[in-house]
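Since the structure comes first, as structure tokens, the remarks are kept for the end.
The values are calculated or read from the model by the stated rules, or taken from the named source; none is laboratory data. Note that the structure is a prediction, hence the values are computed from the model and not measured. Every residue, glycine among them, receives a Cβ derived from its backbone with ideal geometry; neighbour counts consider all protein chains shown.
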Amino acid sequence: MCGIVGYIGNKKATSLLLDGLKKLEYRGYDSAGFCVLDDNQFCLIKKKGKVSELEAQTQKISIGGSIGIAHTRWATHGAPNEINAHPHLDCTGNIAIVHNGIIENYQALKTALKKEGHKIISQTDSEIIAHLVEKFYQNGNLENAVASTIKCLEGTFGLLVLDKNQAKIVAVKKGSPLLLGIGKKQMFIASDASAVISQTKKIVYLDDNEIVSVTYDGYTIKNLQGQLVDKKIVQLKFTIDQIEKRGFKHFMQKEIFWQPQAIENTLRGRISKNRVKLSLKLNPKEINRIIITACGTSWHSALIGKYLIEKLTGIPTEVDYASEFRYRDPIIKKNDLVIVISQSGETADTLSALKEAKQKGAKTLGIINVVGSTIAREVDSGIYLYAGPEIGVASTKAFTCQVTALILLANYLKSGDKEILAELVKIPQKVSLALKLSGKIRHIAEKFKESKNFLYLGRNVNFPVALEGALKLKEISYIHAEGYPAAEMKHGPIALVDENMPVVFIAPKDNTYLKIISNMEEIKARGGKIIAIVNSTDSKIKNLADYIIKVPKTLDILSPIINVIPLQLLAYHIADLKNLNVDKPRNLAKSVTVE
Ligand code: M6R
């Protein structure tokens with residue numbers, strides 16, 4: 001994980017680098033640092049903690065210089081402290097580097113470099129890169145030194161190298177994202193576009209092993225053979241407004257409340273005359289089996305996708321954790337379609353699973369939010385969510401938009417279902433109604449904010465919603481929570497139930513409704529506290545549940561999009577009432593770019 005940004009131009013580098021780091025902080029926030037070339041000297045400042053602490057430190061000193069590199073860290077190798085924070089220097093102090101990714105063979109390289117006399121001071125896997133560049137640096141040719149360095153590295157990297165002697169940044173990537181932002185008399189290199197969008201919308205997405213060199217005179221991109229590569233400049237479509245809080249206390253809160261617009265964006269222009277229009281490179285008649293693979297919240301969407309696709313198309317559909325799929329030598333047959341779901345489009349496990357599927361000859365399709373991301377560029381074809389940037393570490397709008405995209409896909413694979421499509425366009429309005437429950441849910445959150453455990457129970461297409469509700473609570477409130485298929489409860493988890501156990505039931509009026517009522521009776525008989533998400537017309541459950549949350553009725557198959565809203569709000573309010581860092585929960589990062 002980690003976020004990196006580099007700047008060269010006609011403005012003071014420090015403030016632009018800090019601004020970029022703040023936008024990238026979702027990628028890691030245990031320490032941060034920058035190195036600016038000021039009057040032919042490196043000004044290197046690193047700080048444990050958030051970017052705001054680094055910023056406070058820099059306000060005490062005046063720093064000039066209009067070229068520099070910066071980093072916000074999510075620790076993998078070595079504790080979060082100032083020594084392990086980036087940038088790292090070589091022995092001469094002339095080369096500074098920032099790195100995102102993991103160098104898997106760093107121990108062997110470190111031992112060899114130490115034998116050669118290099119002084120390595122941190123516990124990171126990254127510092128050895130600065131020493132390798134030093135080792136290969138000859139005749140002022142930084143590009144060659146970087147090319148030789150990366151030939152030694154196993155693992156993943158997004159890498160920026162700053163050379164004190166020639167005011168130049170050289171960048172390269174493998175498996176980690178990196179882009180070049182081209183502004184007026186200034187250039188940026190960053191992990192993602194959020195770091196540069198306030199300055200420029202002209203972007204070049206870099207591919208693996210392309211060596212970028214930026215100076216005050218311009219930039220070049222070459223391949224490892226030293227040949228110039230002609231890259232397309234892309235115009236970014238999202239705006240700075242989309243990545244600011246706009247009056248909300250937290251990004252997560254804003255993202256929860258913007259779901260009606262986000263879902264509308266996913267739907268826009270894709271339904272016409274009872275048909276779904278998607279430009280996908282596949283023939284639905286040729287698909288024998290679908291495998292969906294993803295991680296975290298996106299994996300919960302994938303599980304919902306299985307229910308949807310099998311029900312609407314009859315195509316057998318399997319779901320796999322990307323990290324498991326990748327390593328279990330999956331069986332892929334000729335007419336298999338592998339769908340990968342990822343908000344960021346950068347999740348390392350999902351990317352590896354995609355590569356495995358491609359290598360085994362599967363057709364691939366992505367359901368991705370971040371336009372131009374690595375996974376989006378690797379799949380045969382895809383469906384963008386157009387949900388806008390998701391900054392809160394806990395995924396919310398991406399989830400509802402992923403489910404929306406899966407419903408579109410299922411209707412594309414089979415000729416569109418008139419009733420489902422007519423109801424789908426009403427979903428944003430129904431989500432708006434569900435969001436009005438926020439005040440009531442805050443009141444419930446007050447009652448349960450000190451609970452130590454939660455159970456979330458649902459059935460059928462709402463079982464993954466129970467998993468998602470539990471994940472949201474765990475991530476941001478640090479309360480232990482488990483999601484279960486409601487009927488499985490009696491096979492074990494019921495042993496946990498006593499008067500201290502809140503149990504959240506997702507209980508829409510579908511074909512499992514009466515069974516869910518029986519499950520509630522079983523919890524009530526053991527003193528558990530019941531919070532029930534029910535349809536607005538429900539009258540039975542009020543006698544059983546301690547707290548009732550009534551959401552608008554929709555078709556069973558679309559109900560996850562509505563039912564997840566109160567669960568997102570419950571997690572949000574509990575975390576906020578506990579004064580926790582909702583947008584940047586401990587130990588987590590938005591984009592998990594390490595395997
Ligand atoms: O960007 P992706 O959708 O590939 O991310 C997958 C997971 O890392 C992500 O959903 C994670 O579980 C979130 N923190 C959930 O809120």
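Selection of the range 396-411 for residues being of a type in the set (S, T, N, Q), within 12 Å of the ligand (Cβ to nearest atom) and in a helix (DSSP H, G or I) yields only GLN402.
Beta carbons closer than 7 Å, at least 6 apart along the sequence or on distinct chains, pair a first residue in the range 206-227 that is at positive phi with a second that is in a strand (DSSP E or B) for ASN209/VAL172; ASN209/LYS174.
On inspection, SER198 passes the criterion of being closer than 18 Å to SER15 by Cα, part of a loop (DSSP other than H, G, I, E, B) and of a type outside the set (Asp, Glu).
If you go through the range 216-268 and keep only what is small (Gly, Ala, Ser) and more than 19 Å from the chain's Cα centre (by Cα), you end up with GLY218, GLY226, GLY247. The residues in the range 427-481 that are in a helix (DSSP H, G or I), within 16 Å of the ligand (Cβ to nearest atom) and among the small types (Gly, Ala, Ser) can be counted, and the count is 4. Scanning the range 387-401 for residues that are closer than 14 Å to HIS250 by Cβ and hydrophobic (A, V, I, L, M, F, W, C) yields ILE391, VAL393, ALA394. From the list LEU308, LEU303, the lone residue that is crowded, with 18+ Cβ neighbours inside 10 Å, closer than 29 Å to LYS254 by Cα, away from the ligand (no atom under 14 Å from the Cβ) and assigned by TED's automatic domain parsing to the domain that holds PHE257 is LEU308.
Of all residues in the range 248-276, those being touching a helix residue (DSSP H, G or I) at 6+ places or on another chain (Cβ under 8 Å) and either without any contact (Cβ under 8 Å) to a residue 40 or more places away in the chain or assigned to a loop (DSSP other than H, G, I, E, B) (or both) number 6. For the range 373-381, check the following and say yes or no: at least one residue is within 14 Å of the chain's Cα centre (by Cα), modelled with pLDDT of 95 or more and within 15 Å of the ligand (Cβ to nearest atom). No: zero hits.
Residues that are at pLDDT 90 or above and closer than 26 Å to VAL431 by Cβ: does the range 487-501 have at least one? For the range 487-501, residues at pLDDT 90 or above and closer than 26 Å to VAL431 by Cβ: absent. Would you please list the contacts, defined by Cβ atoms under 8 Å and residues six or more apart or on different chains, that run from a residue in the range 394-408 that is more than 20 Å from ILE243 (Cα to Cα) to a residue that is within 11 Å of the ligand (Cβ to nearest atom) and in a helix (DSSP H, G or I)? Going by the 8 Å Cβ cut-off, the qualifying pairs are VAL403/SER301; LEU406/SER301. Of everything in the range 1-46 that's in contact with a helix residue (DSSP H, G or I) (Cβ under 7 Å, 6 or more places away or on another chain), surrounded by fewer than 24 Cβ atoms within 10 Å (Cβ to Cβ) and modelled with pLDDT of 95 or more, which residue is farthest from THR76 (Cα to Cα)? My answer is LEU18.
ILE427 fulfils the conditions (1) closer than 24 Å to GLN253 by Cα; (2) in contact with a Phe, Trp or Tyr (Cβ under 7 Å, 6 or more places away or on another chain) except for a single criterion, (2).
When you scan the range 332-348, do you find a residue that is under 13 Å from the mean Cα position of the chain (by Cα), in the same structural domain as MET252 (by TED's automatic domain parsing) and under 21 Å from GLY458 (Cβ atoms), even just one? Yes, there is a match, as at least one residue in the range 332-348 is under 13 Å from the mean Cα position of the chain (by Cα), in the same structural domain as MET252 (by TED's automatic domain parsing) and under 21 Å from GLY458 (Cβ atoms). Just give me the residues in the range 52-72 being farther than 25 Å from ALA167 by Cβ and either in contact with a strand residue (DSSP E or B) (Cβ under 7 Å, 6 or more places away or on another chain) or crowded, with 21+ Cβ neighbours inside 10 Å (or both), in sequence order. Passing the criteria: only GLU53. The condition of being of a type in the set (Lys, Arg), touching a residue at least 24 places away in the same chain (Cβ under 8 Å) and either in contact with a Gly (Cβ under 9 Å, 6 or more places away or on another chain) or within 13 Å of the ligand (Cβ to nearest atom) (or both) holds for only one of LYS414, LYS418, that being LYS414.
Listed by first and then second residue, the pairs with beta-carbon distance under 6 Å, at least 6 apart or on different chains, first residue in the range 47-68 and under 19 Å from ALA190 (Cβ atoms), second part of a loop (DSSP other than H, G, I, E, B), are LYS50/TYR29; ILE67/ALA167. Note on the range 165-201: among residues that are of a type in the set (Lys, Arg) and surrounded by fewer than 18 Cβ atoms within 10 Å (Cβ to Cβ), the one that is farthest from VAL133 (Cα to Cα) is LYS184.
Exactly one residue among LYS550, LYS590, LYS509, LYS542 is more than 16 Å from the ligand (Cβ to nearest atom) and either part of a strand (DSSP E or B) or under 29 Å from the mean Cα position of the chain (by Cα) (or both), and that residue is LYS550. Consider the range 335-359 and keep the residues that are among the acidic types (Asp, Glu) and within 11 Å of the ligand (Cβ to nearest atom). The one that is farthest from VAL393 (Cα to Cα) is ASP349.
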